Amino acid sequence: MPAPLPKTPTRKMPDIQVFGTDDSQATRAGLRFFRERRVAVHYADLRKRAIAPGELRRFVERLGARALLDETSKPYREAGLEHLQMDDRAIVERLQRDPRLIRLPLVRHGNEVTAGRAEATWAVWLRPSGGSARR
């Protein structure tokens with residue numbers, strides 16, 4: 001197990017934000033990925049505090065609303081959303097009302113974002129050159 005990290009990141013540490021829930025296996029895996037590489041992250045639990053509309057808009061602009069919608073989740077099936085034709089605006093409204101529909105974790109590094117588990121992209125972010133990758 002790696003040594004604990006300080007509360008404040010050092011200058012060389014990348015600024016990573018993770019949005020998810022404590023009971024999400026994918027969120028825990030994402031946090032573990034960064035912890036194993038000794039990277040301090042800013043974690044926001046979506047059950048305690050909803051994602052800000054501007055932050056959600058940033059993910060939608062870069063990935064598209066459909067990429068943020070977890071079509072395999074139980075809340076998605078229970079709401080009968082697989083039978084609805086929704087445009088991006090309707091999807092964003094649903095995601096704001098019910099964060100359980102969001103594909104977790106949402107991870108942001110500067111202007112780069114990912115939805116769901118994306119270890120390959122995260123690894124590129126952590127390279128010393130500070131390279132960026134698109135998802």
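The values are calculated or read from the model by the stated rules, or taken from the named source; none is laboratory data. Fair warning: this is a prediction, and the values are worked out from it, not measured in the lab. Positions of Cβ are generated from backbone atoms using ideal geometry, with glycine treated the same way; all protein chains shown enter the neighbour counts.
Would you pick out the residues in segment 53-75 that are outside any helix (DSSP H, G or I) and surrounded by 12 or more Cβ atoms within 10 Å (Cβ to Cβ)?
Hits for segment 53-75 are GLY64, LEU69, ASP70, SER73.
List, please: which pairs have Cβ atoms under 7 Å, are six or more places apart or on different chains, and start with a residue in segment 76-102 that is surrounded by 14 or more Cβ atoms within 10 Å (Cβ to Cβ) and end with one that is in a loop (DSSP other than H, G, I, E, B) and among the hydroxyl-bearing types (Ser, Thr, Tyr)?
Here the result reads ARG100/SER73; LEU101/SER73, each pair linking segment 76-102 to a residue that is in a loop (DSSP other than H, G, I, E, B) and among the hydroxyl-bearing types (Ser, Thr, Tyr).
Please specify each residue of segment 1-44 satisfying the condition of being of a type in the set (Ser, Thr, Tyr), at pLDDT 90 or above and part of a loop (DSSP other than H, G, I, E, B).
Residues satisfying the conditions are THR21, SER24.
Could you say which residue among ARG47, ARG62, ARG103, ARG57 is under 12 Å from the mean Cα position of the chain (by Cα) and at pLDDT 90 or above?
Selected residue: ARG103, the only one of ARG47, ARG62, ARG103, ARG57 that is under 12 Å from the mean Cα position of the chain (by Cα) and at pLDDT 90 or above.
When segment 89-114 is examined, which residues are found to be farther than 16 Å from ALA52 by Cβ and in a strand (DSSP E or B)?
HIS109, GLU112, THR114 - these are the residues of segment 89-114 that are farther than 16 Å from ALA52 by Cβ and in a strand (DSSP E or B).
Only one of THR114, THR72 is touching a Lys or Arg at 6+ places or on another chain (Cβ under 8 Å) and among the hydroxyl-bearing types (Ser, Thr, Tyr); which?
THR114
Closer than 17 Å to GLY30 by Cα, surrounded by 13 or more Cβ atoms within 10 Å (Cβ to Cβ), at pLDDT below 90 and not aromatic (Phe, Trp, Tyr): which single residue out of ARG135, ARG108, ARG117 fits that description?
The match here is ARG135.
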